[in-house]
Amino acid sequence: MCGIVAATAARNIVPVLIEGLTRLEYRGYDSAGLALLNPTLTRLRSVGRVAELAAQADGQVAHHGIAHTRWATHGVPSERNAHPHVSVGLAVVHNGIIENYAELKQELRAAGYAFTSDTDTEVIAHLIQETLKASADLFQAVQRATARLIGAYAIAVLREGDETLVVARHGAPLLLGLGEDGNYAASDASALLQVTRRMIYLEDGDVAELRRDAIRIVGAGGTAVNIPEQRPVHESTLSADDVELGEYTHYMQKEIFEQPQALAATLELIGGAQAISPNLFGVAAPEMLNSVRSVLILACGTSYHSGLVARYWIEQLAGIPCSVEIASEYRYRVSVPNPEQLVVAISQSGETADTLASVKHAKAQGMGRTLAICNVPESAIVRECALRFLTRAGPEIGVASTKAFTTQLAALFLLAVTLAKSAGRLGPEQESIQLKALRHLPVAVQKVLALEPEIKAWAERFADKHHALFLGRGHHYPIALEGALKLKEISYIHAEGYPAGELKHGPLALVDKDMPVISIAPNDTLLEKLKSNLKEVAARGGELYVFADADSAVDAEPGVHILRLPEHYGLLSPVLHVVPLQLLSYHVALVKGTDVDKPRNLAKSVTVE
Ligand code: F6R
């Protein structure tokens, strides 16, 4: 979602702002803008790509500026709604949603302010301006104004005639970059790698002042924060290659093909061990996990699907009840808290507003045993949880999640093994077998990727379809859901995932020759049942596309197309079976000519509700 870049430096910061916005493009946006001091305020805005803004900014020179990519919430994507928003010589960019903006707008209108946009952000600009009447100090004005905001925000503010930039965060990500010749702020580290690797992650309630040669931070209570004692300086380990496309055409393609190495990097955490220790999840894990008798998983989207797979593993291996909830539902429903329960939050970005809020909600109900499974160190969800497992997928730039999903599955399998051990249900020999299977995954996934040419040929046949049905059973049912999500989000073909046994309870009514049915058919105990479900489809003239295992006894026939995965993989089979579905969606999207990495209306990091 919206991206922020801010800079004050001895160098010309205009290229830094533009490069930073380009790096943040993956988050999803519909318009872009920047404000510079040179020395009066210059504001440039454009609906569309950052490249258009870059063309407008060509030739501009400044040492002080803020920039933004906007993902519309309040008001349509348009130039008048694009950030920055200004109030007499003062400019603001904002990520998040201000819930009490309507009341504040009314109050500010009554005080004589005129509004030129439909956004909640413009309220912040005028509120700071109004607050400046009491004291001319910008930092104090931002502190006082933000104290009146209800909702989530990361903001950056500059003012004509002021040497400083002021930034603040509450519920939306923002970090500072400490450069050689200046100081910077951005929504995520990738925007600032061009100028520095030294980052400070702001916490909720922080307000920071950036000068060329100094920074200061004041925390939520209004007291000065010590750097580095209270806000450590992190050396980012991201490399430029991690965020470059290299030989690939799309980030999604790159990320699908990076899965063997992402899994291998994540599994480096267990090395060659025959047995794992709960310490993998943090120093407090041995005590916290030891007495766990039930698990609650909270997540959204693709991460929710990895949680659904984990439920099968945890219940089967550890014999512990596990429920999985969509975070946006859990946070608002009246549930029965269980303080002994382990709460697992799964998130690629670690900033998903609903997942974060659901963890806070669980904690507020006395559920303190919290574990984050996350791909971004220092993200809000990681910091909110008592325990953590950081997947090592590397930055995921494509909006459609791929390598984050398979690495989450690896982490969740390790959790299931850990819980099974502490429940006394997994002996050393079984544990070593499970870990061996896990370690072989990178090789097994590599072999699945080799099916790409066949999958590409299948994709051609989907391009004129408007609907598709994905079927799976058991721990492959969540993979059917994930396959359907991937197809709909990047190819815009309506797709549903169903447990195959549910077919005759409703969705069979939809099946005809125009509705391709994609089925996951591993060689497991449910295969015979699944085959009956497939017959039901074939009998209604449905075209079947089956992803089987090498040894699944299903045969191709007219209307039944089969692709075989190289090996049968038992409990870990969902990790393999999701890969061809990712490739299928990717190639269907290519045939349809959609914007694979930035599908319409979607954002990578969903930092608003
Ligand atoms: C789908 C996708 C989304 C995310 C969801 C949660 O491809 O990427 O459904 O999975 O927005 O995001 P994280 O995992 O960052 O919490």
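Any read-out appearing in this document is the output of simple, stated calculations on the displayed coordinates, not a laboratory observation. Every value quoted in this text rests on a predicted model; they were computed, and no experiment measured them. Note that we place each Cβ from the backbone using ideal geometry, even for glycine, and neighbour counts take in every protein chain shown.
Neighbour counts of other C-beta atoms within 10 Å: give me Y248, Y304 arranged from fewest to most. Walk me through the numbers before you get to the answer.
On the way: Y248 14, Y304 23.
In order of increasing Cβ crowding within 10 Å: Y248, Y304.
Would you kindly calculate the translational diffusion coefficient of the range 452-592, applying Stokes-Einstein with the Kirkwood radius from alpha carbon pairs, for 4 °C and a viscosity of 1.567 mPa s, and quote it in µm² s⁻¹ without decimals?
Working: Rh = 14.6 Å.
For these conditions, the coefficient is 89 µm²/s.
Ranked highest first by the average count of other Cβ atoms within 10 Å around their residues, in what order do 581-593, 216-228 fall? Please report the intermediate quantities before stating the final value.
On the way: 581-593: 23.0, 216-228: 13.5.
Peptide ranking by packing, descending: 581-593, 216-228.
For the modelled label position 7 Å from the Cα of A102 along Cα-to-Cβ, which residues of the range 139-177 have backbone nitrogen atoms closer than 18 Å?
The answer is 149-152.
If each of L245 and E315 carries a label point 7 Å out from its Cα toward its Cβ, how far apart are those two points in nm?
Label at L245, label at E315, 4.4 nm between them.
Antiparallel DSSP bridges in the chain: what percent, to the nearest 5?
Numbers: 60 of 99 bridges.
Approximately 60 percent, going by the DSSP bridge assignments.
Quick one: plug the Kirkwood hydrodynamic radius of the range 1-100 (C-alpha pairs) into Stokes-Einstein at 10 °C, 1.306 mPa s, and report D in µm²/s.
Details: Rh = 13.2 Å.
This corresponds to a translational diffusion coefficient of 120 µm²/s.
Under Stokes-Einstein, with the Kirkwood radius over Cα pairs standing in for Rh, what whole-number D in µm²/s applies to the chain at 20 °C and 1.002 mPa s?
Values: Rh = 25.4 Å.
Answer from the Stokes-Einstein relation: 84 µm²/s.
Show that you can apply the helix-only estimate: for the chain, add -39,500 (n - 2.57) for every DSSP H stretch of four or more residues, divide by all residues, and state [θ] at 222 nm to the nearest 500. Mind showing how you got there, number by number?
On the way: 18 runs with 205 residues, N = 609.
Here the helix-only value at 222 nm equals -10500 deg cm²/dmol.
Pulled fully out, how much extra length does the chain show between T223 and T40, if you take 0.36 nm times their separation in residues and subtract their Cα-Cα distance? Kindly include the intermediate steps, with their values, before the conclusion.
Working: separation 183, 0.36 × 183 = 65.88 nm, distance 3.24 nm.
Contour length minus Cα-Cα distance gives 62.6 nm.
Out of the range 236-269, which GluC sites (Glu not before Pro) are coil in DSSP terms and have no more than 14 other C-beta atoms within 10 Å? Present the calculation step by step, with values, prior to reporting the outcome.
Details: sites: E244, E247, E255, E258, E268; in loops: E244, E247, E258.
In loop regions of the range 236-269 (DSSP not H, G, I, E or B), the sparsely surrounded GluC sites (Glu not before Pro) are E244, E247.
Straight-line reach only, C-alpha to C-alpha below 17 angstrom: list the aspartates and glutamates that K360 could link to, leaving out same-chain residues fewer than 8 apart.
Of all the aspartates and glutamates, those that pass the test against K360 - Cα under 17 Å, at least 8 places apart if same chain - are E203, D204, E325, E329, E340, E351, E378, E384, E609.
Given a Förster distance of 30 Å, report the FRET efficiency between K513 and V443 from their Cβ-Cβ distance, rounded to the nearest 0.05. Let's see the in-between values first.
Details: r = 39 Å, r/R0 = 1.30.
Efficiency computed from Cβ-Cβ geometry: 0.15.
Return the subset of K456/K504; K513/K535; K456/K598; K254/K604; K403/K486 for which the Cα-Cα distance in this structure is over 24 Å, preserving the input order. Before the final figure, lay out each step's value.
Working: K456/K504 30 Å; K513/K535 14 Å; K456/K598 21 Å; K254/K604 16 Å; K403/K486 13 Å.
Those over the limit are K456/K504.
Would you mind computing, in nm to one decimal, how far apart the modelled labels at R80 and A556 are, each placed 7 Å from Cα along Cα→Cβ?
Between R80 and A556, the label points sit 5.9 nm apart.
How many percent of DSSP beta bridges within the range 45-183 run antiparallel, rounded to 5?
Details: 17 of 18 bridges.
Looking only at bridges with both residues in the range 45-183, the antiparallel portion is about 95 percent.
Taking neighbour Cβ counts within 10 Å as the exposure measure, how do L409, L289 sort from fewest upward? Could you put the intermediate results ahead of the total?
On the way: L409 29, L289 23.
Ascending Cβ contact count within 10 Å gives the list L289, L409.
Extension gain N601-I150, at 0.36 nm per residue separation less the Cα-Cα distance, in nm?
On the way: separation 451, 0.36 × 451 = 162.36 nm, distance 2.53 nm.
Full extension from N601 to I150 adds 159.8 nm.
Note down the relative contact order for the chain as a percent, whole number, built from C-alpha pairs under 8 angstrom at least six residues apart.
Details: 1374 pairs, mean separation 71.6, N = 609.
Once normalised by length, the contact order is 12 percent.
So what is the relative contact order of the range 3-243, in percent, for Cα pairs below 8 Å that sit 6 or more residues apart? Present the calculation step by step, with values, prior to reporting the outcome.
On the way: 574 pairs, mean separation 46.9, N = 241.
Reported relative contact order: 19 percent.
Below 8 Å, C-alpha to C-alpha, sequence gap of six or more: please give me the relative contact order for the range 452-592 in percent.
On the way: 267 pairs, mean separation 43.1, N = 141.
The normalised contact order for the range 452-592 reaches 31 percent.
If each residue of separation counts as 0.36 nm, what is the full-extension length gain between T116 and H466 once their alpha-carbon separation is subtracted?
Working: separation 350, 0.36 × 350 = 126.00 nm, distance 4.06 nm.
Working it through step by step, the gained length comes to 121.9 nm.
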